[in-house]
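Take a look at the structure below.
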Amino acid sequence: MLRLAARAASALALASALALTVTTPALADPPLPAATDIVGVGAGVTETLLNQFSTDYNASLAAAGDTTSPRLYSWDSTGAPSPIVTKAGATPIVRPDRTDAGVAALNATTSSTVDFVRATRFPNANDLPGNLFVPFARDAVSWAAPAGGNAPQNLSTYDLSNIYNCRVTKWKQIDPALPDTTIVPVLAGHLYVDRRGVTGAPMESSDTLLKTIGYPPAGTDGSSDRSCVRVVERGDQGWDALLHDPNAIVPYSVGRFIGQVYGGHSRPGDDPVILTVRSIDGIAPLSSPDHALASSFVNTSYGRILFNVVREADWYSTSAAGGLRKVFGPFGWICKSPVAAAAVRSHGFRTLPVGACGVTVHR
């Protein structure tokens with residue numbers, strides 16, 4: 001059972017308004033970290049932010065004359081090489097490209113290889129009891145479509161369910177004023193689609209959207225043909241040619257979109273400008289005129305908390321690995337530093353208030 005202090009749960013609704021602030025350039029894949037450094041892998045949604053944290057946190061240690069504390073590093077979810085050697089003396093691992101792959105790597109190794117995992121979900125029944133999920137920011141998932149295409153500015157949750165379940169296949173079925181063209185619903189991940197529906201490992205934003213619209217597991221929706229969904233490998237990037245189709249829609253992290261388009265925080269392959277994120281149930285994902293993640297949208301069922309996952313034994317360790325709390329804990333650098341808060345906002349996310357940031361959650 002998930003446990004989170006009641007004061008933290010209530011505080012999540014009080015996250016402060018987003019104000020975009022650009023910080024110094026961040027690392028991508030790090031140079032080989034030392035064996036004692038704090039090293040992470042996992043979800044692509046927050047990799048540019050963790051790269052920024054790495055740059056800023058390590059700079060703060062250097063500025064304080066601290067030459068002994070473990071440094072912070074984060075490996076991107078994609079790129080070459082793979083497998084990767086995450087730190088000096090580590091066992092090579094296949095580069096994890098999402099939350100679940102990162103948690104699997106955490107549980108299959110020790111702190112000599114992986115110390116934390118970037119994650120976009122709460123713990124679930126498949127996680128180990130010793131996996132601690134440490135929250136630090138908020139995001140939300142909406143849908144995106146090509147600017148100037150045929151998609152409307154708003155879809156309801158009911159519309160999205162009908163589209164991804166292939167019950168509605170033409171824009172005109174949603175609104176007679178829209179073109180009579182075929183909708184192209186797209187999901188990202190390692191997925192297989194047939195008449196029974198979608199199976200496999202979706203990327204984080206696609207997974208969030210499917211769960212929120214109540215997408216039934218493959219084979220549980222009777223004899224309906226649910227094969228209309230198309231698949232791209234990467235989510236929250238926009239570069240795939242399929243996403244340039246004027247009838248395409250795709251789940252998209254609102255925070256990542258803001259960070260890419262307005263914060264200047266792009267990864268190799270990012271091309272979000274062709275797409276714009278749209279409203280759901282009449283609620284806009286971006287506030288105006290500051291282009292920030294709207295609190296009204298974050299507080300819908302499409303909002304999500306962003307975590308870093310660590311091992312419980314490492315979290316409470318008094319050895320070098322005890323540096324985890326110094327970085328991720330409620331009194332740690334991420335939760336307390338104004339520089340970290342500025343980085344969160346610059347990358348399009350919303351900070352968590354005191355009493356919520358750094359509080360550990362587990363199943």
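The values are calculated or read from the model by the stated rules, or taken from the named source; none is laboratory data. For clarity, every value in this text was computed on a predicted model and none was experimentally measured. When we count neighbours, we look across all protein chains shown, and the Cβ atoms used for this are built from the backbone with ideal geometry, even at glycine. Side chains included, ligands, DNA and RNA excluded: accessible areas come from the protein's heavy atoms. Shrake-Rupley method; radii C 1.70, N 1.55, O 1.52, S 1.80 Å.
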**Study point:** Square roots of 5 times each gyration tensor eigenvalue, C-alpha, segment 168-289, largest first, Å
**Key:** 25, 18, 14
Study note, to complete from the structure: Across PRO217, PRO96, PRO176, the residue with the highest GNM fluctuation in the chain (Cα network, 10 Å cutoff) is PRO176
Revision key, fill the gap. Kirkwood-based Rg/Rh on the Cα set of segment 103-194 evaluates to 1.14
Study note, to complete from the structure: For HIS190 and SER296, extending 7 Å from Cα along the Cα-Cβ vector and measuring point to point gives, in nm, a value of 4.0
Review point. Taking the Cα centre of segment 168-294 as origin and charging only Cβ (+1 Lys, Arg; -1 Asp, Glu), how large is the dipole, in debye to the nearest 20?
Key: 200
Review point. Which Cα, out of PRO289, TRP239, SER317, lies furthest along the positive dipole direction of segment 232-321 (beta carbon charges, K/R +1, D/E -1)?
Key: SER317
Practice item. Specify, per residue and in Å³, the volume enclosed by the convex hull of the alpha carbon atoms belonging to segment 50-130. Key: 117
Check your understanding: Which value, in debye to the nearest 20, describes the size of the charge dipole of segment 235-363 about its Cα centre when Lys and Arg Cβ atoms bear +1, Asp and Glu Cβ atoms bear -1, and nothing else is charged?
Key -> 580
Revision key, fill the gap. The Cα radius of gyration of segment 229-352, divided by 2.2 N^0.38 Å with N its residue count, comes to 1.27
Practice item. Kindly provide the Kirkwood hydrodynamic radius of the chain in Å, to one decimal, from all pairs of distinct alpha carbon atoms. Key: 20.8
Practice item. Taking the dipole about the Cα centre of the chain, with the C-beta of Lys and Arg at +1 and of Asp and Glu at -1, give me whichever of VAL344, THR300, THR36 is farthest to the positive side. Key: THR300
Check your understanding: Rounded to the nearest 500 deg cm²/dmol, what is the calculated helix-only ellipticity per residue at 222 nm for the chain, with -39500 (n - 2.57) per DSSP H run of length n ≥ 4?
Key -> -6500 deg cm²/dmol
**Study point:** Cβ-based charge dipole, the chain, positive-most Cα from PRO330, ALA88, THR48
**Key:** PRO330
Check your understanding: Where Lys and Arg each count +1 and Asp and Glu each count -1, what net charge lies around ALA88 among other residues with Cβ under 14 Å from its Cβ?
Key -> 0
Exercise for review: Among the aspartates and glutamates, select those whose C-alpha is under 20 Å from the C-alpha of LYS170, and discard any that sit fewer than 8 residues away in the same chain.
Suggested key: ASP159, ASP180, ASP194, ASP225, ASP245, ASP281
Review point. Just the Cα atoms of segment 121-160, one point each, no solvent: what log10 I(q)/I(0) does Debye give at q = 0.31 Å⁻¹?
Key: -1.14
**Study point:** Size of electric dipole in the chain: Cβ of Lys, Arg +1 and of Asp, Glu -1, about Cα centre, debye, nearest 20
**Key:** 680
Review point. Roughly speaking, what is the centre-to-centre gap between segment 43-103 and segment 245-306 when only Cα atoms are used, to the nearest Å?
Key: 25
Study note, to complete from the structure: Between the modelled labels at THR181 and SER156 (7 Å from Cα along Cα→Cβ) the distance in nm is 2.5
Check your understanding: Using all Cα-Cα distances in segment 292-363, what percent lands in each 5 angstrom bin from 0 up to the longest?
Key -> 3, 15, 22, 23, 17, 12, 5, 2, 0
Check your understanding: Using heavy-atom solvent-accessible surface (probe 1.4 Å) with all chains present, what is the largest-first order of SER296, SER161?
Key -> SER296, SER161
Check your understanding: Carbon and sulfur: what percent of segment 191-308's accessible surface (1.4 Å probe)?
Key -> 52
